[in-house]
1. Long-range amide H contacts for Gly107: which residues qualify at under 5 Å (H placed 1.01 Å from N, peptide plane, sequence gap of 5 or more or a different chain)?
2. Sorted by accessible area (1.4 Å probe), largest first, how do Asp31, Asp146, Asp50 line up?
3. For Asn36 and Gln63, compute 0.36 nm times the residue count separating them, minus their Cα-Cα distance, and round to one decimal in nm.
4. Between Arg74 and Leu26, what's the calculated FRET efficiency when r is the beta-carbon distance and R0 is 35 Å? Round to 0.05.
5. Determine the sum of side-chain charges near Gln22: Lys and Arg each +1, Asp and Glu each -1, restricted to other residues whose C-beta is under 14 angstrom from that of Gln22.
6. Taking R0 as 45 Å, what FRET efficiency do you get between Val143 and Arg19 from their Cβ-Cβ distance, rounded to the nearest 0.05?
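The values are calculated or read from the model by the stated rules, or taken from the named source; none is laboratory data. These figures come from a predicted structure and were not determined experimentally. Here Cβ is always computed from backbone atoms with ideal geometry, including for glycine, and neighbour counts include all displayed protein chains. Heavy atoms of the whole protein, side chains included, go into the accessibility calculation; ligands, DNA and RNA do not. Shrake-Rupley method; radii C 1.70, N 1.55, O 1.52, S 1.80 Å.
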Amino acid sequence: MESFNGSARPDRKTIEKHRRIQMKALCSKLDSLLPNPPTSREGAALPLPDRLDEAVNYIKSLQGRLERMKERKRQLLEPEGSSRGMGSEERGGMGLPQIEVQDLGSGFRVVIISSPGDRLMFYEAVRVLEEEGGEILNANFLVVGDKAVHSIHSMVADPRGGSEASKVLERLKKACHPCW
């Protein structure tokens, strides 16, 4: 093997060896970025083409998830006068506040879109969820322009206790009626 000074070129064998080493390092890095290391049913490592297919499928699923999240964000922030999600009500043509209740099986997620200064709906939603036997796990809010988005996650002590998303939504509408 010759030294690599300015005039000498490495031979093909050395170039190919470096290329294989680099490809192996890149594949290892790709494998490390996947959430679950791909293995076959027998527990052995998958061959390289199968690992690459797994990586492609994972990237495609992330892209799909990102698109769904962008669409959801767009729906939450869409201007007044356009279509609304489940549980939305209109007030004086303004389209606010909006309430959406999602049944997560063991609990609920309540999303309230209102004006930034309207905190009463948030407090009423917490009260209704607690009366329904829920325990508030977390609550977040985000102010974007003239809208405040409140998100409340609650866990129901007994998911078979009969609290349904539609029942909680109706109670929230009644409790927040003075706000509308």
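1. Under 5 Å from the amide H of Gly107 lie the amide H atoms of Val156, each far enough along the sequence or on another chain.
2. From most exposed to least exposed: Asp146, Asp50, Asp31.
3. 8.0 nm
4. 0.45
5. +4
6. 0.30
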